[in-house]
Amino acid sequence: MLPETTRSERKELRSLMHLCQHDPNNQLKIKNSSDMENNYYWKKLYSDGLITAYAYANEYDGMGEPVAYGIAITDEGHHFFEEYHEQQIHWLFKSALIPLIVSILANTPNWWPMILRLLRILK
């Protein structure tokens, strides 16, 4: 099941994916963990399991603290848009296309007299 996301959250995820692709470690380097805690969208994406945070390039100082922090996209994050688009197409088919087809088929008998008159005029 996909997490509910807003347009801004999806835009931020797409931006993070783009930035992580250009890094050799596939991570976005951030200065400290408070940068992530102060960013609402990153916190939301993290709680949804679409991104994760850990030590950038697995580098630690002598006291066990990371030298720098990194944000990486999880497997769920990488496949989020595939599932999202599939869900949107399914919703469109279920909510719009089928009722439209049923409406056209149900009202077709009402159109026959008008169609027949039009055909007679065109002869």
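Of all residue pairs spaced 6 or more apart or on separate chains, those with beta-carbon atoms under 9 Å, a first member in region 73-92 that is touching a residue at least 60 places away in the same chain (Cβ under 8 Å) and a second member that is of a type in the set (Lys, Arg) and in a helix (DSSP H, G or I) are PHE80/ARG10; PHE81/ARG10; PHE81/ARG14; TYR84/ARG10. I'm trying to understand the selection: among the residues of region 25-42, which are modelled with pLDDT of 90 or more and not in a helix (DSSP H, G or I)? Result: no residue meets the conditions. As a summary of the residue check, ALA53 satisfies the conditions (1) on the phi > 0 side of the Ramachandran plot; (2) assigned to a strand (DSSP E or B) except for the one numbered (1). Residues that are hydrophobic (A, V, I, L, M, F, W, C) and without any contact (Cβ under 8 Å) to a residue 40 or more places away in the chain were ranked within region 20-44; the one that is surrounded by the most Cβ atoms within 10 Å (Cβ to Cβ) is TRP42.
The single condition among (1) at pLDDT below 90; (2) closer than 18 Å to GLU83 by Cα; (3) in contact with a helix residue (DSSP H, G or I) (Cβ under 8 Å, 6 or more places away or on another chain) that MET1 does not satisfy is (3). Scan region 77-95 and give yes if some residue there is surrounded by 12 or more Cβ atoms within 10 Å (Cβ to Cβ) and among the small types (Gly, Ala, Ser), otherwise no. Checked against the condition, which is being surrounded by 12 or more Cβ atoms within 10 Å (Cβ to Cβ) and among the small types (Gly, Ala, Ser), region 77-95 yields at least one hit. If the condition is being closer than 14 Å to ILE51 by Cβ and in a loop (DSSP other than H, G, I, E, B), then region 5-24 contributes THR5, ASP23.
The values are calculated or read from the model by the stated rules, or taken from the named source; none is laboratory data. Because the structure is a prediction, the values reported are computed rather than measured. As a convention, Cβ positions derive from the backbone with ideal geometry for all residues, glycine included, and neighbour counts pool all protein chains shown.
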